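Written out below as structure tokens is the structure these notes cover.
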Amino acid sequence: MLADSEKQLRIIGTQINYYFICKTKLWLFSHHIQMEQESELVSLGKMLHKDTYKRDKKDKTIDNLISFDFVRKGEILEIHEVKKSNKMSKAHHYQLLYYLHYLKNEKGISNAIGIIDYPKIRRKETLKLDNKNEKEIENITKRIGNILSEEMPAPQKVPACLKCAYYELCFV
């Protein structure tokens with residue numbers, strides 16, 4: 001049987017991201033109801049990902065749990081995530097912090113930083129894992145576990161819903 005910390009680390013980065021966007025979307029996605037493959041916005045994001053940073057090898061996945069867009073190695077390991085907009089920056093930050101947390105606690109890699117690349121607005125944000133956000137990540141993974149073990153949360157209509165791949169499932 002897995003220890004509590006191991007159960008928490010079975011969460012994938014997308015779930016961390018969805019936790020900040022919508023608890024219903026998190027629950028649906030986590031219960032294998034996936035609508036994104038039909039989303040035009042997801043397709044646009046994939047094209048941006050494909051067309052930027054062409055010199056870097058893309059899509060690194062570790063343990064089938066964390067998957068980042070590309071890595072640059074030097075004195076410090078750089079984990080990069082490419083995003084089309086900074087509108088959901090809090091979700092992006094915590095997704096990347098989760099990757100750094102996972103690398104540190106599961107792989108013993110503590111000399112890493114996270115970089116969120118927003119090529120359309122020519123902006124980068126650099127994140128480092130510290131004690132404070134490490135504890136936050138641990139609390140978030142526990143809360144995600146609680147959400148997933150309960151019934152589907154009722155949809156809460158927010159402006160982001162209009163562009164969500166799950167919109168019809170929640171509100172029609």
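Every read-out reported here was derived from the displayed coordinates using simple, explicitly stated rules and does not represent laboratory data. Owing to the predicted nature of the structure, the values given are computational and were not obtained by experimental measurement. Using ideal geometry, Cβ is built from the backbone for each residue, glycine included, and neighbour counts are taken over all protein chains shown.
Observations on the structure shown:
- Computed label-point distance, nm, for sites Lys90 and Ile76 using a 7 Å Cα→Cβ extension: 2.6
- Ellipsoid equivalent to the range 71-166 - semi-axes via the Cα gyration tensor, in Å: 26, 21, 9
- Distance violations [Cα-Cα > 19 Å] among Lys60/Lys83; Lys73/Lys124; Lys60/Lys120; Lys87/Lys132; Lys23/Lys124; Lys83/Lys135: Lys60/Lys120; Lys87/Lys132; Lys23/Lys124; Lys83/Lys135
- Amide H within-cut-off set for Val82, under 5 Å, with H built and near neighbours excluded: Asp69, Asp117
- Taking a sphere under 15 Å around the Cβ of Tyr19 and counting the other residues whose Cβ falls inside, with K and R at +1 and D and E at -1, yields a net charge of +3.
- A simple spin-label model places the labels of Lys163 and Glu136 2.3 nm from each other, with each point 7 Å out along Cα-to-Cβ.
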